[in-house]
1. Identify all aspartates and glutamates with a Cα-Cα distance to Lys68 below 15 Å; exclude those on the same chain that are fewer than 8 residues away in sequence.
2. Run the dipole for the chain about the Cα centre, Lys and Arg Cβ at +1, Asp and Glu Cβ at -1, nothing else charged, and hand back the magnitude in debye, nearest 20.
3. To make sure I understand the rule: partners must be aspartates and glutamates, Cα under 18 Å from the Cα of Lys211, and not fewer than 8 residues away in the same chain. Which ones qualify?
4. Can you give me the span-like helices of the chain, meaning DSSP H runs with 15 Å or more of Cα extent along the axis and Kyte-Doolittle mean at or above 0.0?
5. Exceeding 26 Å between C-alpha atoms, which entries from my cross-link table qualify? They are Lys122/Lys218; Lys25/Lys143; Lys67/Lys122; Lys90/Lys218; Lys40/Lys193.
6. Leaving ligands, DNA and RNA out of it, work out the accessible area of Val9 with a 1.4 Å probe and give it in Å² to the nearest 10.
7. What percent antiparallel are the DSSP beta bridges of the chain, to the nearest 5?
8. May I ask you to compute the full-extension gain from Lys211 to Phe236, defined as 0.36 nm times their residue separation minus their alpha-carbon distance, rounded to one decimal in nm?
Amino acid sequence: MKKLRFERVPTHIPGFDKLVNNGFKKRSMNLIIGGAGSGKTIFSVAYLVNGILKHNEPGMYITFEEKKEELYENMSEFGWDLAKLEKEKKFIFLEYSPERVKKLLVEGGGLIENIITRYNIKRLVIDSITSFVLLYQDELTKKEAALSLFGLLRSWGCTTLLTSEKYIVNMDKVEGGGLEFEVDSIILLYHVKEKGIRKRAIEVLKMRGTKHIEKTLKMEITGTGVTIYPNRIVIFKHEEND
Ligand SMILES: Nc1ncnc2c1ncn2[C@@H]1O[C@H](COP(=O)(O)OP(=O)(O)O)[C@@H](O)[C@H]1O
Ligand SMILES: [Mg+2]
């Protein structure tokens, strides 16, 4: 049988695409998990900016937490002029409250769906979904809410990155497993302290339909954004005896 090739959406983040067979699967949903300061926002904005500059693909950044002015100022550090891209209608910033997303799930796509159609959005980021999930009390309703959010996101047909501070639900507590099966890929960002120094690393935990690298690799944030070093394996102290 002929092998089906998935269309790929490259991030152009130095070092990343080679780890995952040239990029995210087109129209896939990808979860980036990492603690505060691990690089989730910088990674996901790089993904959008590179889509605009290298592929002329409009991108939308939906956030519950980041303030627009602050984000634009922080990202200008990396040479990304989000205000200019916004004027050109290539970058759409949308600050949304978790409560409004909750409403969206009941009423359907509404405003966001209109923007996606009107601006022909191809790349979508939601940064982060942690506060949305926190709206729900117990693990089961959290899971149900996340599932219906994922359903809505899938219906929009973008290649989507969701960031999260932790696993979305406690997988041990939910019958039928966690949400890891609902997303197409899970990327872990580490920022671990050892002997007083924090080290950054990245790991592709899973990516459907993709033979991906199974190493934890060195990552850096510099004046140009995120860089990954495919030849530099990172071993954290706590795993040396595994
Ligand atoms: N210009 C820069 N050069 C080097 N590191 C930077 C620069 N700007 C930010 N950082 C690092 O990136 C971190 C923030 O990354 P961010 O993507 O906002 O994390 P997250 O969204 O996971 O909380 C900062 O705490 C800092 O360590
Ligand atoms: Mg962030």
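1. Glu77, Asp81, Glu86, Glu95, Asp127
2. Numbers: 39 positive and 33 negative charges, 209 e Å.
Value, rounded to 20: 1000 debye.
3. Excluding near neighbours in sequence, the set is Glu7, Asp17, Glu180, Asp184, Glu203.
4. Working: long enough: 40-55 (22 Å, 0.74); 139-156 (26 Å, 0.14).
Membrane-span-like by this criterion, though nothing is claimed about a membrane: 40-55, 139-156.
5. Numbers: Lys122/Lys218 29 Å; Lys25/Lys143 24 Å; Lys67/Lys122 23 Å; Lys90/Lys218 31 Å; Lys40/Lys193 18 Å.
In this structure, Lys122/Lys218; Lys90/Lys218 lie more than 26 Å apart at Cα.
6. Surface open to solvent at Val9 totals about 10 Å².
7. Numbers: 20 of 44 bridges.
Antiparallel bridges: around 45 percent, rounded to the nearest 5.
8. Values: separation 25, 0.36 × 25 = 9.00 nm, distance 2.41 nm.
Contour length minus the Cα-Cα distance gives 6.6 nm.
The values are calculated or read from the model by the stated rules, or taken from the named source; none is laboratory data. These numbers were taken from a predicted model, which means no experiment stands behind them. Positions of Cβ are generated from backbone atoms using ideal geometry, with glycine treated the same way; all protein chains shown enter the neighbour counts. Please note that ligands, DNA and RNA were not included when accessible areas were found on the heavy atoms of the full protein model with its side chains. Shrake-Rupley method; radii C 1.70, N 1.55, O 1.52, S 1.80 Å.
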